[in-house]
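Everything below concerns the one structure shown next.
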Amino acid sequence: MSWRCVVCGKKITEDHKPDACPLCGVVSDYIVADSEYERPSGTLSAAAIADYDRALALEVEATNIYNEAAERAKNEGDELTNLFFEALAKNEHGHQVAIKFQQRMRGA
Ligand SMILES: [Zn+2]
């Protein structure tokens with residue numbers, strides 16, 4: 001079955017409704033059956049648009065830092081640190097996707 005997070009728009013394919021969104025972390029109250037999902041509407045304020053832009057820049061910077069740290073650890077033969085920073089980079093990239101989704105859906 002498919003579910004959808006109404007906060008970040010993440011589509012989730014699982015048999016049972018998850019306890020939390022795997023992308024943004026909101027509790028299951030904000031997860032609906034994909035068939036019941038309605039795209040967010042309304043426009044964003046200028047301040048909200050600026051907040052989304054700042055958040056996206058932060059996530060891009062964090063992703064870059066984690067990727068650099070992962071590469072350095074890989075070159076140094078530190079597999080655990082490499083995997084750790086790769087996982088963090090993947091997480092931050094997911095945040096970027098969620099922010100871009102919100103910006104696109106809300107017309108920012
Ligand atoms: Zn979410």
Given (1) within 23 Å of GLY107 (Cβ to Cβ); (2) within 15 Å of the ligand (Cβ to nearest atom); (3) assigned to a loop (DSSP other than H, G, I, E, B); (4) in contact with a Lys or Arg (Cβ under 9 Å, 6 or more places away or on another chain), GLY42 misses just (2)
Picking from ASP15, ASP51, ASP34, which residue would you name as being within 14 Å of the ligand (Cβ to nearest atom) and not β-branched (Val, Ile, Thr)?
-> ASP34
Of all residues in region 19-31, which are in a loop (DSSP other than H, G, I, E, B) and either near the ligand (Cβ under 8 Å from one of its atoms) or surrounded by 14 or more Cβ atoms within 10 Å (Cβ to Cβ) (or both)?
-> CYS21, PRO22, LEU23, CYS24, GLY25, VAL26
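From the list ALA89, ALA70, ALA98, which one is of a type in the set (Gly, Ala, Ser) and either surrounded by fewer than 16 Cβ atoms within 10 Å (Cβ to Cβ) or free of Cβ contacts under 8 Å to residues at least 24 places away in the same chain (or both)?
Numbers: ALA89 fails: either surrounded by fewer than 16 Cβ atoms within 10 Å (Cβ to Cβ) or free of Cβ contacts under 8 Å to residues at least 24 places away in the same chain (or both); ALA98 fails: either surrounded by fewer than 16 Cβ atoms within 10 Å (Cβ to Cβ) or free of Cβ contacts under 8 Å to residues at least 24 places away in the same chain (or both).
Exactly one residue qualifies, and that residue is ALA70.
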Residues that are farther than 15 Å from GLN102 by Cα and surrounded by 14 or more Cβ atoms within 10 Å (Cβ to Cβ), drawn from region 32-59 | VAL32, LEU58
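Quick note: the coordinates plus some simple rules give every number you see, no bench work behind them. Fair warning: this is a prediction, and the values are worked out from it, not measured in the lab. Cβ atoms come from the backbone with ideal geometry, glycine included; neighbour counts cover every protein chain shown.
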